[in-house]
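Q: Quick one: the structure is below, questions incoming.
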Amino acid sequence: MIKNRLAKWVFGSTFVVTTLIPTVAFAAEAEAASGEWQSYVAKAFAAAFAIGVSALAAGYAMARIGSAGAGTLAERPEVATFVIVLQALAELIVLLGFVAAILIVNMPVTPA
Amino acid sequence: MSDVATKARTRTVPAGGDYGYANARIRGMRSRLLDRSYLDMLIEAPDVKRMVQDLADTEYGPDLEETLIHGVDAANVDIALKNNMVRTFQKVLGFLNDDALYLVTTLLGRWDVFNLKTILRAKHMHLEVDEIADGLLPAGQLNEVDLEALSSVEDVRAVVDTAATWGLAFTAPLREGYTEYMKTGDLVSIELALDRYYAEWASRRLARRGANAKLARRVLATQIDVGNLVMVLRLQKEDVEDIDVADFFLPGGAIVGIDLYQELAGMSDIDEVLDRLRGTPYGRTLDEAATLFLEQNSIAVFERALEDLLTRRTLGLAKGDPLGVGVSVAYLWAKQNEVTNLRIIVKGKAVGMPTSRVREELILV
């Protein structure tokens, strides 16, 4: 079970990295190679991808933490604060995606 | 044995294989299990009354309060402990996801077999209903009311007929064994038919894909191995010659297959059996029990050692995958173990058993 999950995570992370990095690189290349509007479109796609994937990941993490947290609270209400902190931690993922998206959008467009 | 996993549910539970909610909840419940020092304190309590006072602050408090209205004595405490266990089991089965419920109820089927065998033995020996209730543990699908109804029928035949009327899946093995019982007057045929039926039924149900089913199969296979080893040792001790040992074999074990079983049964004495088993996972446990066997000359020593090993292994499942079925299986075994220990302490206190003897009787793994 653990091996399967690990394999899924490794596959998922590899997929994200191999897709995200070329997209950002493509955006930079498009800026340099062609007109300005193409680079804006490429940057918009890259930013959308960054925020989209991180939001999905955060949603997944929060769902899992949420169900486990609900289970814990049903038996041990005294650890409520701890559960809320854990639940909030997953939101960091989407915040990081948001920051990445902002950085991509604000990348300077260099003339060809 | 009906398919509990498909029974109507009264409320929504996590579907499929989401173990997060159930396992987190079980971990919370696990933190309230009594530790060894608490059991020591209960053993040292001067009487049942004091023990009840100590237990009142634990999970058992509400059940004790409810039952002890009728008087503080060992019998009522025993009922309260059993009630607590039944309530806890029902609670856990109520919030498990479908996948876990299917696997756990399959494993808990062993308690139905245990209870049926206890009732049959009691009926065979014409014991009173109260005496039978003492030996029952309603941890399977047959609840306390079912078991009480089965206990109050007249004889072995009536138990078989009642099971048939209720449409229990155990009817087939009960009938099959009863025919032989009528001829020989020996309960072994019914008990064996029940054991074999459960082994085959559970192995079939657990023949699914996935790590959780594999884990449950491992628990079942160890149970079956333990059953086969105990049977081989008994056959060796009794030194029976004119029977076909293969008739007593239960299929589905992990280590003890039919070949090894027949080889062990054909050996000249118990020492040889222990030598042959030395390289297997059961070798060390049996070797350790061998010293005590020499003192007591009872197969119960090996039986107890193998049962302890089974309990230890099952409890160890809690340390495996945190999002797997092992957490719930381990908790239910730990709870049953705790209640059994508390019942031993209560009975020990009631009959004035020395604390050292009570400690020996406890299943501390």
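None of the figures in this text is laboratory data; all of them are computed from the coordinates on show. Everything quoted here is computed from the prediction, not taken from an experiment. Positions of Cβ are generated from backbone atoms using ideal geometry, with glycine treated the same way; all protein chains shown enter the neighbour counts.
Q: May I ask for the Rg/Rh ratio of the range B:321-363, computed from Cα atoms with Rh as the Kirkwood radius, given to two decimals?
A: On the way: Rg = 14.2 Å, Rh = 11.7 Å.
With Rg and the Kirkwood Rh in hand, the quotient comes to 1.22.
Q: Let me ask something else. Could you tell me the relative contact order of chain B? Use alpha-carbon pairs under 8 Å, at least six residues apart, and round to a whole percent.
A: On the way: 396 pairs, mean separation 72.2, N = 365.
Relative contact order comes out at 20 percent.
Q: Dipole size in debye (nearest 20) for the protein assembly as shown around its Cα centre, Lys and Arg Cβ +1, Asp and Glu Cβ -1?
A: Values: 49 positive and 62 negative charges, 426 e Å.
In debye, rounded to 20, the protein assembly as shown gives about 2040.
Q: How large is ³J(HN,Hα) for each residue in the range B:213-218, as worked out from phi by the Karplus curve 6.51 cos²θ - 1.76 cosθ + 1.60 (θ = phi - 60°), to whole Hz, x for Gly and Pro?
A: 5, 5, 5, 5, 4, 5
Q: Would you work out which of B:Val358, B:Leu206, B:Leu108 lies farthest towards the positive end of the dipole of the protein assembly as shown, given +1 charges on the beta-carbon of Lys and Arg and -1 on that of Asp and Glu, about the Cα centre?
A: Selected residue: B:Leu206.
Q: Rounded to the nearest 500, what is the 222 nm mean residue ellipticity of the protein assembly as shown from helices alone, with -39500 (n - 2.57) per DSSP H run of 4+ residues and division by all residues?
A: Details: 22 runs with 347 residues, N = 477.
Estimated from H runs of four or more residues: -24000 deg cm²/dmol.
Q: Just name one of B:Ala289, B:Ala221, B:Leu194: the one whose Cα is farthest towards the positive end of the charge dipole of chain B (beta-carbon charges, Lys/Arg +1, Asp/Glu -1).
A: Highest projection toward the positive end goes to B:Ala221.
Q: Using only the alpha carbons of the protein assembly as shown, what is the convex hull's orientation-averaged projected area in square nanometres?
A: Details: hull surface 117.6 nm².
Here the figure is 29.4 nm², rounded to one decimal.
Q: Treating only the Cβ atoms of Lys and Arg (+1) and Asp and Glu (-1) as charged, compute the dipole magnitude of the range B:157-204 about its Cα centre; round to the nearest 20 debye.
A: Computed charge dipole of the range B:157-204: roughly 120 debye.
Q: Stick to Cα atoms and the Kirkwood definition of Rh, then tell me Rg/Rh for the range B:258-297. Each step should come with its number before you reach the end.
A: Working: Rg = 10.5 Å, Rh = 10.6 Å.
With Rh from the inverse mean 1/r over Cα pairs, Rg/Rh is 0.99.
Q: Can I ask one more? Counting residues in the range B:94-226 as N, plug N into 2.2 N^0.38 Å and put the Cα Rg over that result. The partial results should precede the final answer.
A: Details: Rg = 15.4 Å, N = 133, 2.2 N^0.38 = 14.1 Å.
Expressed relative to 2.2 N^0.38 Å, the Cα Rg reads 1.09.
Q: When the dipole is taken about the Cα centre of the range B:126-206, and only Lys, Arg (+1) and Asp, Glu (-1) are charged at their Cβ, what size is it in debye, to the nearest 20? Intermediate values should be presented prior to the final figure.
A: Values: 6 positive and 16 negative charges, 125 e Å.
With only Lys, Arg, Asp and Glu charged at Cβ, the dipole is about 600 debye.
Q: Could you give me the ³J(HN,Hα) list for the range B:299-314, computed from phi with Karplus coefficients 6.51, -1.76, 1.60 and θ = phi - 60°, whole Hz, x at Gly and Pro?
A: 5, 4, 4, 5, 4, 5, 5, 5, 5, 4, 4, 4, 5, 4, 5, 5
Q: Between their Cα atoms, which of B:Lys123/B:Lys335; B:Lys117/B:Lys183; B:Lys49/B:Lys82; B:Lys237/B:Lys349 are more than 22 Å away from each other? Intermediate values should be presented prior to the final figure.
A: Numbers: B:Lys123/B:Lys335 29 Å; B:Lys117/B:Lys183 19 Å; B:Lys49/B:Lys82 18 Å; B:Lys237/B:Lys349 34 Å.
Distance filter (> 22 Å) returns B:Lys123/B:Lys335; B:Lys237/B:Lys349.
Q: Now a separate question. Rank B:Thr67, B:Phe95, B:Ala80 by how far each Cα sits towards the positive end of the charge dipole of the range B:8-103 (+1 on Lys, Arg Cβ; -1 on Asp, Glu Cβ) and give me just the farthest.
A: Of the candidates, B:Phe95 comes out farthest on the positive side.
Q: Counting pairs of Cα atoms in chain B, how many percent are more than 31 Å apart? Provide the component values of the computation, followed by the final result.
A: On the way: 25895 of 66430 pairs.
The calculated P(r) of chain B puts 39 percent of pairs beyond 31 Å.
Q: Through the Karplus equation 6.51 cos²θ - 1.76 cosθ + 1.60, θ set to phi - 60°, convert the phi angles of the range B:203-211 into ³J(HN,Hα) values in whole Hz; use x for Gly and Pro.
A: So the J values, rounded to whole Hz, are 4, 5, 5, 8, 7, 10, 7, x, 5.
Q: May I pose another question? Listing B:Ser268, B:Ser189 from the residue with the fewest other Cβ atoms within 10 Å to the one with the most, what is the order? Intermediate results must be reported in sequence, preceding the final value.
A: Values: B:Ser268 9, B:Ser189 20.
Ranking B:Ser268, B:Ser189 by Cβ neighbours within 10 Å, fewest first, gives B:Ser268, B:Ser189.
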